[in-house]
Amino acid sequence: MATKEFKPKLAPEHCRFRLKVRESKIHRWGVFADEAIPPRRRIMEYTGEMISRRETKRRADGQELIYLFTVDSYWCKDGSVGGSGAEFINHCCEPNVEARVVDRRIYYHSLREIAAGEELTIDYCFAKDVEKHVCQCGARNCRGTINLLK
Ligand SMILES: [Zn+2]
């Protein structure tokens, strides 16, 4: 269960639509649309501290909750440091949001129309050769793991 002391927040300067963070059925916290979002629109930027491959490995080691987004083969962004709130967007095997990396900045776009009140989700696409994470997204085509199968 989510702890009461911790209050996740969104940075409005990185959001182009009205969004809210609240408890999610998928996992802990989630980000929800607070107004309808048309398809193929930039919703928000994923911000965080830019860290090297070595530092990424150090931070990921043994952590249960990590907010790391792989930018390229060397850099990662750690959303737990200076994150816009995009780091609270949960994984789903049938997502309504996708990430686009442009000049090492990460932008989240809508894949389809998202209704007010709907939770935003993205496919984390964890590599198949790293530790397996069970998925409980509840989508019809859920692959059972957050990792890619191939
Ligand atoms: Zn799933």
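Looking at region 1-48, which of its residues are over 14 Å from the mean Cα position of the chain (by Cα) and among the hydroxyl-bearing types (Ser, Thr, Tyr)?
Selection gives Thr3 alone.
Out of the residues in region 131-147 that are out of contact with any strand residue (DSSP E or B) (no Cβ under 7 Å at 6 or more places or on another chain) and more than 9 Å from the ligand (Cβ to nearest atom), which is nearest to Glu64 (Cα to Cα)?
Ranking the qualifying residues of region 131-147, first place goes to Glu131.
Specify the residue that is nearest to the ligand (Cβ to nearest atom); the eligible residues are those in region 113-130 that are of a type outside the set (A, V, I, L, M, F, W, C) and at pLDDT below 95.
In the first step, residues of region 113-130 are kept if they are of a type outside the set (A, V, I, L, M, F, W, C); the result is 113, 117-119, 121, 123-124, 128-129.
Narrowing further to those that are at pLDDT below 95: 124, 128-129.
Numbers: Tyr124: 10, Lys128: 15, Asp129: 19 Å.
Ranking the candidates gives Tyr124 first.
Scanning for something surrounded by fewer than 12 Cβ atoms within 10 Å (Cβ to Cβ) and assigned to a loop (DSSP other than H, G, I, E, B), does region 13-22 turn up at least one residue? If you could, list the steps in order and put the result at the bottom.
Looking only at region 13-22, we keep the residues that are surrounded by fewer than 12 Cβ atoms within 10 Å (Cβ to Cβ), and these are 13.
Restricting the remaining residues to those that are assigned to a loop (DSSP other than H, G, I, E, B) gives none.
Within region 13-22 (the criterion being surrounded by fewer than 12 Cβ atoms within 10 Å (Cβ to Cβ) and assigned to a loop (DSSP other than H, G, I, E, B)), the answer is no, since none of the residues qualifies.
Conditions first: (1) within 18 Å of Ser80 (Cβ to Cβ); (2) out of contact with any His (no Cβ under 7 Å at 6 or more places or on another chain); (3) assigned to a strand (DSSP E or B). Lys9 passes all but one, so which condition is the exception?
Only one criterion is unmet by Lys9, namely (3).
Does Gly30 qualify as being under 17 Å from Ile106 (Cβ atoms) and either open to solvent by 80 Å² or more (accessible area, probe 1.4 Å) or in contact with a strand residue (DSSP E or B) (Cβ under 9 Å, 6 or more places away or on another chain) (or both)? Steps first, please.
On the way: under 17 Å from Ile106 (Cβ atoms): no; either open to solvent by 80 Å² or more (accessible area, probe 1.4 Å) or in contact with a strand residue (DSSP E or B) (Cβ under 9 Å, 6 or more places away or on another chain) (or both): yes.
So Gly30 fails the test.
Just checking: which of the strands (runs of 3 or more DSSP E) contained wholly in region 47-150 hold 1 or more residues that are loosely packed, with under 14 Cβ neighbours inside 10 Å? Even if it seems obvious, please write down each step before you answer.
Details: elements: 49-51, 68-70, 76-78, 97-102, 105-110.
In region 47-150, the matching strands (runs of 3 or more DSSP E) lie at 97-102, 105-110.
Looking at region 81-98, is at least one residue closer than 20 Å to Leu68 by Cα, more than 16 Å from the ligand (Cβ to nearest atom) and in contact with a helix residue (DSSP H, G or I) (Cβ under 6 Å, 6 or more places away or on another chain)?
Yes, region 81-98 contains a residue that is closer than 20 Å to Leu68 by Cα, more than 16 Å from the ligand (Cβ to nearest atom) and in contact with a helix residue (DSSP H, G or I) (Cβ under 6 Å, 6 or more places away or on another chain).
Just to check your reading of the model, which residue among Ile106, Ile66 is touching a residue at least 60 places away in the same chain (Cβ under 8 Å) and among the β-branched types (Val, Ile, Thr)?
Values: Ile66 fails: touching a residue at least 60 places away in the same chain (Cβ under 8 Å).
The conditions single out Ile106.
Quick check on region 33-44: of everything there that is assigned to a strand (DSSP E or B) and touching an Asp or Glu at 6+ places or on another chain (Cβ under 9 Å), which residue is surrounded by the most Cβ atoms within 10 Å (Cβ to Cβ)?
Kept after step one, since they are assigned to a strand (DSSP E or B), are these residues of region 33-44: 33, 37, 42-44.
Now narrow it down to the ones that are touching an Asp or Glu at 6+ places or on another chain (Cβ under 9 Å): 33, 37.
Values: Ala33: 21, Ile37: 25.
By that ranking, first place goes to Ile37.
The values are calculated or read from the model by the stated rules, or taken from the named source; none is laboratory data. Because the structure is a prediction, the values reported are computed rather than measured. Backbone-built Cβ (ideal geometry, glycine too); neighbour counts: all protein chains shown. We work out accessible area using only protein heavy atoms, side chains counted, and drop any ligands, DNA or RNA first. Shrake-Rupley method; radii C 1.70, N 1.55, O 1.52, S 1.80 Å.
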